[in-house]
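The structure appears right after this line, and notes come after that.
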Amino acid sequence: MAEESDPWRVDAFVHSHTSLSSRTLDAYSSDVRLFAGWVARLRIEQPRGVSRTVVRRYIASLSTREYARRSIARKAAALRRYFGWALDEGIIDADPTIGLQVSAGSGRLPRVLDRRELDELLDGPTPDDEPDWRRRRDDAVLEILYGSGVRVSELCTLQLDQLALGEGALSVWGKGSKARRVPLSQPAVAATRRWLEIRDEVVLPETGAVVFGNERGKPLTPRDVRRILDRRSPTPTHPHALRHTFATHLLDGGADLRSVQELLGHSDVATTQRYTHVSRDRLRAAYLKSHPRA
């Protein structure tokens, strides 16, 4: 009955794309429902009433509401996929997203953390009122993010059986449900061992085998990780900046591009090549600052 009452048939759209990751499907569902809610204010209650002009007005409205260009591009991609499906299903007679192109922009990477920021983030003093369990957890979270370059989503879903501390490694499930094995630094191994000593006192048994939990005993979320950065970082930053710093420091240290691609879990080396621009800029700056005839 719920499906029949929804003229957009969002659930059916999502279920027809089982090859995509659950995160992608959740995003598509959210994006289509957001669009449906927006056009409802124009008294458009079903997909058949959407025109190309309406779609373009919607995309323009996202810009005025200060959505990031990458987010707008993702929402446009979700609409293209949805209306393509709706056309195939006979829900609409013409696809209003034909010809719709939205640039994600330059994809500028977050600023790479410098040595002082990293030292304070990873080894800064503990506030007197900070619980020991939180310090242990936060140490392990930050050491893994910087030392292994994993995505925040990969860290938050990490399970106990994915850890191989004795081998200095862990396995993660990346985008597209692709598994990869990444090294763990010695500081990360030590910090994780310290956290695991008291993990069962923090994480509720019904939560399962997730490695990291929050103060409620539930699995750690990306928002929880952002709060860790807010507490620990001397300057405003984002959890993903640790992944960028990991990649840039590897390239600065002479790692080859293919190895960094493998460690980051990028399916396309072109994605990894963005970091070479950051690295070259850093090397150029060092040259200009240090060479007597630069």
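The values are calculated or read from the model by the stated rules, or taken from the named source; none is laboratory data. Here the structure is a predicted model, which is why all the values come from computation and not from measurement. Note that we place each Cβ from the backbone using ideal geometry, even for glycine, and neighbour counts take in every protein chain shown. Remember, those area values only see protein heavy atoms, side chains included, never the ligands or the DNA or RNA. Shrake-Rupley method; radii C 1.70, N 1.55, O 1.52, S 1.80 Å.
Summary table
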item: Qualifying positions in the range 204-244 - of a type in the set (Val, Ile, Thr) and not in a helix (DSSP H, G or I); result: Val210, Val211, Thr221, Thr235, Thr237
item: Pairs, first more than 22 Å from Ala164 (Cα to Cα) in the range 191-219, second assigned to a helix (DSSP H, G or I) and open to solvent by 50 Å² or more (accessible area, probe 1.4 Å), C-beta under 8 Å, six or more apart; result: Glu215/Arg134
item: Test: residue in the range 129-151 that is without any contact (Cβ under 8 Å) to a residue 40 or more places away in the chain, open to solvent by 60 Å² or more (accessible area, probe 1.4 Å) and more than 30 Å from Arg69 (Cβ to Cβ); result: yes
item: All positions within the range 13-60 that are free of Cβ contacts under 8 Å to residues at least 12 places away in the same chain and farther than 23 Å from Ser153 by Cα; result: Gly37, Ala40, Arg41, Arg43, Ile44, Gly49, Thr53, Arg57, Ala60
item: Residue among Ala270, Ala191 that alone is part of a helix (DSSP H, G or I) and surrounded by 20 or more Cβ atoms within 10 Å (Cβ to Cβ); result: Ala191
item: Condition check for Ser171: exposed (fewer than 13 other Cβ atoms within 10 Å of the Cβ) and closer than 24 Å to His266 by Cα; result: no
item: Qualifying positions in the range 45-73 - surrounded by 15 or more Cβ atoms within 10 Å (Cβ to Cβ) and closer than 20 Å to Asp11 by Cβ; result: Gln46, Pro47, Val50
item: All positions within the range 1-44 that are of a type in the set (D, E, K, R), open to solvent by 60 Å² or more (accessible area, probe 1.4 Å), within 20 Å of Gly90 (Cα to Cα) and not in a helix (DSSP H, G or I); result: Glu3, Glu4, Arg9
item: Flag for Glu206 being farther than 30 Å from Pro127 by Cβ, at pLDDT 90 or above and either more than 23 Å from the chain's Cα centre (by Cα) or not basic (Lys, Arg) (or both); result: yes
item: One residue from Ile72, Ile91, Ile59, Ile98 being farther than 30 Å from Leu250 by Cβ, outside any helix (DSSP H, G or I), of a type outside the set (Asp, Glu) and in contact with a helix residue (DSSP H, G or I) (Cβ under 7 Å, 6 or more places away or on another chain); result: Ile91
item: Total residues in the range 218-238, condition under 13 Å from the mean Cα position of the chain (by Cα) and either of a type in the set (Ser, Thr, Tyr) or surrounded by 13 or more Cβ atoms within 10 Å (Cβ to Cβ) (or both); result: 5
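For every residue, the table says whether it meets (1) among the charged types (D, E, K, R); (2) under 26 Å from Glu197 (Cβ atoms); (3) open to solvent by less than 30 Å² (accessible area, probe 1.4 Å); (4) modelled with pLDDT of 95 or more.
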position	(1), (2), (3), (4)
Asp88	yes, no, no, no
Val112	no, no, yes, no
Asp123	yes, yes, no, no
Thr126	no, yes, no, no
Glu154	yes, yes, yes, no
Asp161	yes, yes, no, yes
Lys175	yes, no, no, no
